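First the structure, in the form of structure tokens, and then the observations on it.
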Amino acid sequence: MSEDQRRVDLIIEGAVVLPMTGPEDLHWDGAIAIDADRIVAVGDREELARRFVAEQAIDASGQLAMPGLVNTHMHLFGSFMRGLVNDLSFTPWIQKKFFVTSRGLNPDNYYLGTQFAAIDMLRSGTTTFLDCGTYQELEEAAVRGVETAGIRAVLARTMADIQDDLADYLSRSDNATRQNLEHAEEFISTYNDAAGGRIKAWACPIQVTSASDELCTGAMELAERYDVGFATHSNVDREDIEAHDLLFGRRPIERFEGLGILGRRFLGTHMGWLSDGEVELMRKRDATAVHCPSASMKGAYGAMTRGKFPELMREGVTVGLGTDGPAASCFLDMFREVHLAATAHKEARLDWTLISPYEALELATIGSARGALLDDQIGSLEPGKKADLILLDLMRPEMVPWHQYNLLANLAYAASGSLVHTVLVDGQVIVRRGEVKTMDERRIVSEMQSEAPKFVELAREWDRDHAPEDHTRPHDFRQTRAAAEAGAG
């Protein structure tokens, strides 16, 4: 070690390094120097070899190093729901999901489901996720699950104070506005920056139709006071828009603008039914829209055929990417979402120029990191940022041949999470050669399977007692409201 060299904990050397700081910023024989939980340097291997001496080195020849993916929309409460809710319109789909999970979850299996979801995400390259609706009374179990898994997370606690059609079967919820806000503040003050800073605690009015104006403004006040974020499901599909119009008389983003809560801390998910005016409000207020292509395509929400994500991106609006929960897309592989984001809008509009491979990768990295209010920490490989990164095996058949002319295209059009070889979070190796090091995967998967019959029986109960008579028709909110008014009369 010369006087000019600095000692660091780890050097990853020989990789193709894609730092996500620009489409031309690739190091074809690259290296990354890491000390403790931070990136110290990114550059060419020979240059970093002159500057640093490492306690440990990882030979990443034949691999690609890039930032860990950031999944800005998923649901921990859906871990047991994969494949159980299908072929329903948005409202009964939500109702069935809430019915089953509200009755089937407890602290033990929520902890188990959190670990299971973390395994699924880590193995496919996700190092950070945003849980949009951490269940009330089960928050501590989710925190423990994230802590033991070694993943990074934003846990946004469910809030609802309007018993609308969407929240009708959400039995795990404070009903009063004040109760929601008091418990949300307790959650945020207790768990924000838990797990050594890997957990951020947010407020989450779960659906725009299930949250009063008072609850929404109170939730944003909490977000501002504790320097965190506000997450919700908004402008999801035609039923969501119809229900919101019946309750509030205007579109969701217009309502939030009027309440003064549309801004940098606001993160709305799905957002497939934005008007041109709402796109402009999102741009003007620097709010975030999260795109979940697979959930929209499975649920027929319309994010591709009607959504304005290319316009949002062109206007400079922060756009993140998410898988939604296992009940929606049925998978948590963010590379599959990158593929859909890069292809589906081209098909829907017959326009092959929309969303380039690099832009699609940006959605899953720096775009999602910015939406999660973490872009100063993650989302790109830069000195001073957290050492959250993944190594992909480039010598797999689906990636070969790779070279300077096709690498980005291959990542967007051919890659999947199965390429992930190594995952680091906070500079710690969490996955190596595809094996999760922080948890007993075999035991967790076995216990998940053992829990399945309970949720299957609850799904059958909903199908028998609550399923719509005609599942081929959209939910009729006016009929529901008329029936309720007649009953009240």
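What follows draws every value from the coordinates through simple rules; no lab data is involved. This one's a predicted model, so the numbers in the text were calculated from it and none came from an experiment. Cβ coordinates were reconstructed from backbone atoms using ideal geometry, including for glycine residues, and neighbour counts include every protein chain displayed.
Report, in degrees rounded to the nearest 10, the 0 to 90 angle that the Cα long axis of helix 334-349 makes with the longest principal axis of the chain.
For helix 334-349, the angle is close to 60 degrees.
As a check on your grasp of the helix formula, calculate [θ] at 222 nm for the chain: sum -39500 (n - 2.57) over DSSP H runs of n ≥ 4, divide by the residue count, round to the nearest 500.
-12000 deg cm²/dmol
Given DSSP loops and a limit of at most 12 other Cβ atoms within 10 Å, what is the longest stretch of the chain that contains no such GluC sites (Glu not before Pro)?
Counting at most 12 other Cβ atoms within 10 Å as exposed, the longest clean stretch of the chain is 25-468.
Alpha carbon centre of segment 76-97 versus segment 323-370: separation in Å?
The distance from the Cα centre of segment 76-97 to that of segment 323-370 comes to 22 Å.
DSSP loop chymotrypsin sites (Phe, Trp or Tyr not before Pro) in segment 297-406 with at most 12 other Cβ atoms within 10 Å of their Cβ, which ones?
Trp352, Tyr405
Compute the whole-percent fraction of alpha carbon pairs in segment 370-489 spaced more than 17 Å apart.
Percentage above 17 Å: 77.
What Rg and what Dmax come out for the chain when only alpha-carbon atoms are used, in angstroms?
So, for the chain, Rg and Dmax equal 22.3, 87 Å respectively.
Using a Förster distance of 41 Å, how high is the FRET efficiency between Asp470 and His403, based on the Cβ-Cβ distance and rounded to 0.05?
With a Förster radius of 41 Å, E is 0.15.
Over 19 Å apart: what share of the alpha carbon pairs of segment 356-430 falls there, rounded to a whole percent?
43 percent
Can you work out the Karplus-derived ³J(HN,Hα) for every residue in segment 37-43? Use 6.51 cos²θ - 1.76 cosθ + 1.60 with θ = phi - 60°, whole Hz, and x for glycine or proline.
9, 10, 7, 9, 7, 9, x
Note down the relative contact order for segment 75-371 as a percent, whole number, built from C-alpha pairs under 8 angstrom at least six residues apart.
Across segment 75-371, relative contact order equals 16 percent.
Angle between the Cα long axis of helix 90-104 and the longest principal axis of the chain, 0 to 90 degrees, nearest 10?
Between helix and principal axis, roughly 80 degrees.
Cα axis of helix 238-248 to longest principal axis of the chain: angle in degrees, 0 to 90, nearest 10?
Taking Cα atoms only, the helix is inclined about 60 degrees.
Expressed in nm², what is the orientationally averaged projection area of the convex hull enclosing the Cα positions of segment 1-120?
Directional mean of the projected Cα hull area for segment 1-120 stands at 11.4 nm².
Out of all DSSP beta bridges in segment 75-371, what portion is antiparallel? Express it as a percent rounded to 5.
Antiparallel bridges: around 0 percent, rounded to the nearest 5.
Quick check on segment 117-156: what does the Kirkwood estimate of hydrodynamic radius come out to from the alpha carbon pairs, in Å?
Result for segment 117-156 stands at 10.3 Å.
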